[in-house]
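What follows is a short report on a single structure.
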Amino acid sequence: MARILALDFGKVRTGIAVTDELQLIASGLTTVNTNELIPFLKDYLAKEQVAHIVVGEPKQMDGTASKSETLISSFLEKLKKAIPNIPIIRQDERFTSKLAVQSMLEGGLKKKKRQNKALVDEISATLILQAYLDRKL
């Protein structure tokens with residue numbers, strides 16, 4: 001079975017998470033500068049089989065698209081052209097950053113580690129992927 005990859009897309013950097021080959025467990029992979037994201041993904045896909053890519057969909061509390069959706073839509077068009085054979089699925093990402101910081105607190109990470117925005121992005125991607133896996137069941 002192929003893995004599922006998830007992205008917490010950001011203007012500056014993007015958190016990436018991935019499942020195991022059985023698509024049971026979501027784990028943080030890394031955080032990449034967004035301007036290096038497509039080359040990173042191409043390299044990763046050359047080494048690993050990926051069934052599809054889950055991309056966080058930021059929404060307002062009322063369910064409407066957030067301001068950052070414009071940036072994400074533009075990126076998704078580039079991604080579809082660069083990697084046309086991998087389906088892209090969207091997943092609501094409301095509260096993932098807050099949940100990521102909360103999980104860091106509960107995990108006992110020191111304040112310095114909790115301020116690491118790259119780690120927050122990676123954990124957010126993991127939460128997006130886990131929410132997708134939970135929804136898929």
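Worth a mention:
- Candidate aspartates and glutamates for bridging to K42, where Cα separation is under 18 Å - those fewer than 8 sequence places away on the same chain excluded: D8, E77
- R13, R3 arranged by Cβ crowding within 10 Å, fewest neighbours leading: R3, R13
Read the figures in this text as sums done on the coordinates, not as results from a lab. Here the structure is a predicted model, which means the values were calculated and not measured. Reconstructed Cβ throughout: ideal geometry from the backbone, glycine too, with neighbour counts over all protein chains shown.
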